[in-house]
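The values are calculated or read from the model by the stated rules, or taken from the named source; none is laboratory data. Remember, it's a predicted structure, so these values are computed and weren't measured experimentally. FYI the Cβ positions are ideal-geometry reconstructions off the backbone, even for glycines, and counts take in every protein chain you see. SASA here: full protein model, heavy atoms, side chains in, ligands and nucleic acids out. Shrake-Rupley method; radii C 1.70, N 1.55, O 1.52, S 1.80 Å.
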Amino acid sequence: YKRQNSNWGGIMTQYGLSEVRFFYIPVQAREPRPADGKTNVSIGTIDMPIDVTLGFRAGREAAKHNVYFSVDQQAVIDGTVPATTVTKASYGPLSLDLSKTYYWRVDEVNETKTPTTWQGDLWDFTTQEYFIVDDFESYNDIDTIYPESNRIFNVWLDGYGITANGSIVGYENPPFAEQTIVHGGRQSMPLAYSNTDGAAYSEAERNFTIGQNWTKAGGQTLVLFFYGTAGNTGQLYVKINGSKVVYNGDAGDIAKTQWKQWNIALPSLGLNLRNVTKLGIGIDGNNASGKLYFDDIRLYRLAPVP
């Protein structure tokens with residue numbers, strides 16, 4: 001590329017080059033998508049997981065591309081993982097796991113040239129850590145006569161009007177969700193309970209319109225966060241498709257005014273988790289009573305450190 005300017009109005013008899021640019025197109029693949037080292041790469045939501053297609057910019061004169069892809073970094077470096085040959089500057093779609101680092105490289109190939117192969121750089125990215133089951137952020141105070149209404153107690157069904165169930169979700173007046181005691185975001189779910197006056201238990205339950213596959217993307221651990229109130233009594237539990245899982249920590253944790261993390265190892269439950277349609281949270285115990293707050297129910301592959 002060159003651009004020639006004037007010769008200063010004819011005063012000088014010679015011309016000069018005012019700007020010279022040289023453009024170079026590398027022979028190696030470059031500009032990976034996702035970017036090298038990127039974290040929290042989205043693989044969708046628990047309701048709508050997505051496959052990921054990797055992209056890159058092809059090298060000069062490349063006729064095809066050998067893609068090495070693995071969770072084994074050294075195998076990609078050494079080229080011992082089987083290569084997949086593609087003709088387009090993309091690779092996928094790929095069904096990826098939560099919280100996992102993937103390594104890849106692209107070797108450019110043109111068998112009519114010497115050398116025939118140009119080895120690419122090592123790239124990596126890490127997928128998102130968890131799927132959200134419920135973070136309680138979508139609930140609002142809009143009247144039920146409007147289609148956008150999404151009140152928390154209309155989704156998490158409690159014991160209102162049920163003598164045997166002593167639970168009450170949310171508050172009588174708006175805002176119906178808790179907006180001060182929160183673990184993440186701006187809202188949590190308050191659950192008042194009283195196993196008295198004929199109530200044998202206190203339980204709130206959410207029904208999922210579309211069954212959730214909790215084995216997707218390597219899901220292994222259900223995590224929920226709860227916050228207690230001084231004087232709380234009873235035994236905390238959750239129900240997954242009607243199967244009860246009792247809190248395995250200190251029973252006194254429900255009376256502590258701090259956020260506690262409960263990790264539930266799903267494979268140990270022996271349940272069919274490919275179609276979860278119901279999730280319940282409850283408190284057992286004769287005459288048990290108090291108030292708890294719940295937030296950030298998530299599905300992890302690797303249980304996070306509390």
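Points 7 angstrom from Cα along the Cβ direction at Q261 and T114: gap in nanometres?
Distance between the two pseudo-spin positions: 5.9 nm.
Given K100/K291; K64/K216; K216/K291; K216/K239; K88/K113; K38/K216, which pairs have Cα atoms separated by over 26 Å? It would help to have the intermediate numbers written out before the result.
Values: K100/K291 37 Å; K64/K216 33 Å; K216/K291 33 Å; K216/K239 20 Å; K88/K113 19 Å; K38/K216 22 Å.
Beyond 26 Å: K100/K291; K64/K216; K216/K291.
Which length gain, in nm to one decimal place, applies between L269 and T229 when the Cα-Cα distance is subtracted from 0.36 nm times their residue separation?
Stretched fully, the L269-T229 segment lengthens by 11.5 nm.
Based on the alpha carbons, how large is the Rg to Rh ratio for the stretch 151-221 when Rh follows Kirkwood?
Over the Cα atoms of the stretch 151-221, Rg/Rh equals 1.06.
Go through (i) 24.0, 89; (ii) 22.1, 66; (iii) 28.9, 108 and flag the label whose value is the computed Rg and Dmax of the Cα atoms in Å for this structure.
The calculated read-out lines up with (iii).
For the stretch 92-134, just the Cα set please: Rg and Dmax, both in angstrom.
16.5, 56
Quantify, in whole percent, the carbon and sulfur part of the accessible surface of the chain (1.4 Å probe; protein heavy atoms only). Working shown, then result.
Working: 7970 of 16200 Å².
Carbon and sulfur atoms account for 49 percent of the accessible area of the chain.
Accessible area per residue for the stretch 139-266 in Å², computed with a 1.4 Å probe and the full protein assembly in place, what is it?
I get 47 Å² per residue for this part.
Which trypsin sites (Lys or Arg not before Pro) in the stretch 238-280 sit in a loop by DSSP (not H, G, I, E or B) and have at most 15 other Cβ atoms within 10 Å of their own Cβ?
The qualifying sites are K256, R274.
Full-extension gain between D143 and I181, please, as 0.36 nm times their residue separation minus the C-alpha to C-alpha distance.
11.3 nm
Find how much the distance from S95 to F208 grows on full extension, using 0.36 nm per residue of separation minus their present alpha carbon separation; answer in nm with one decimal. Could you put the intermediate results ahead of the total?
Details: separation 113, 0.36 × 113 = 40.68 nm, distance 2.36 nm.
Additional length available on full extension: 38.3 nm.
Which value, in debye to the nearest 20, describes the size of the charge dipole of the chain about its Cα centre when Lys and Arg Cβ atoms bear +1, Asp and Glu Cβ atoms bear -1, and nothing else is charged?
Details: 26 positive and 32 negative charges, 224 e Å.
Magnitude of the dipole: close to 1080 debye.
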